[in-house]
Amino acid sequence: MKSLIRYKTKRGSANENQRLIENVYAELADRGPDGVRYMTVRLEDGVTFIHIFMAAPDAGPNPMGRVAAFAEFQRELPERCEEGPVAQAFTVVGSHRFLSD
C-alpha cells in the first residue's frame with residue numbers, strides 16, 4: 001500500500017495541524033507498527049501538507065489505525081482544512097537514497 005495525501009489547512013490551523021502530526025511521529029518512534037514508512041512535509045506556503053505513506057504487504061490492512069495519535073490527528077482534520085485531503089495511490093519509479101534506512 002502506497003499513498004500520497006495532500007491538503008491545505010486554514011491559515012490559523014496550520015501550526016496546530018503540525019503539532020498533531022509531530023505527536024504521531026513521537027508515537028511511531030516509541031511504538032509504531034512494523035513495516036510502515038511515513039513522511040510529512042509542509043510546503044513553503046505554510047498551509048499545504050503532503051503525507052507519503054508506504055506499508056509492507058504484511059503490515060495489515062490499516063497499520064496506522066493502531067496509532068492513537070494518528071486517530072487524534074484525524075479527529076478534527078476537516079475543521080482545520082481549507083481544502084480537504086485528496087489521497088492518491090502511487091508507484092515508485094525511481095529513488096536515490098530517499099525513504100531508505
- Item | Those residues of the range 14-28 which are under 12 Å from A71 (Cα atoms) and of a type outside the set (D, E), in sequence order | L20, I21, N23, V24
- Applying the selection to the range 73-82, what residues are of a type in the set (D, E, K, R) and open to solvent by less than 80 Å² (accessible area, probe 1.4 Å)? R80
- Only one residue in R6, R11, R66 is under 11 Å from the mean Cα position of the chain (by Cα), open to solvent by 60 Å² or more (accessible area, probe 1.4 Å) and basic (K, R), so which one is that? R6
- Task: State whether the residues of the range 38-56 include one that is touching a helix residue (DSSP H, G or I) at 6+ places or on another chain (Cβ under 9 Å), closer than 15 Å to T9 by Cα and open to solvent by 70 Å² or more (accessible area, probe 1.4 Å).
- Result: yes
- If we scan the range 68-91, do we find a residue that is under 13 Å from N17 (Cβ atoms), touching a strand residue (DSSP E or B) at 6+ places or on another chain (Cβ under 9 Å) and of a type in the set (D, E)? yes
- Message: Need pairs with beta-carbon distance below 6 Å; first residue in contact (Cβ under 8 Å) with a residue 60 or more places away in the chain and within the range 35-60, second of a type in the set (A, V, I, L, M) and surrounded by 14 or more Cβ atoms within 10 Å (Cβ to Cβ); sequence gap 6+ or separate chains.
- Response: R37/M54; M39/I52
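The values are calculated or read from the model by the stated rules, or taken from the named source; none is laboratory data. Because the structure is predicted, anything quoted here is derived from the model rather than measured. Neighbour counts are summed over all protein chains in view; Cβ atoms, including those assigned to glycine, are modelled from backbone coordinates with ideal geometry. Ligands, DNA and RNA are stripped out before the accessible areas are found, and what is left, the full protein with its side chains, is counted by its heavy atoms. Shrake-Rupley method; radii C 1.70, N 1.55, O 1.52, S 1.80 Å.
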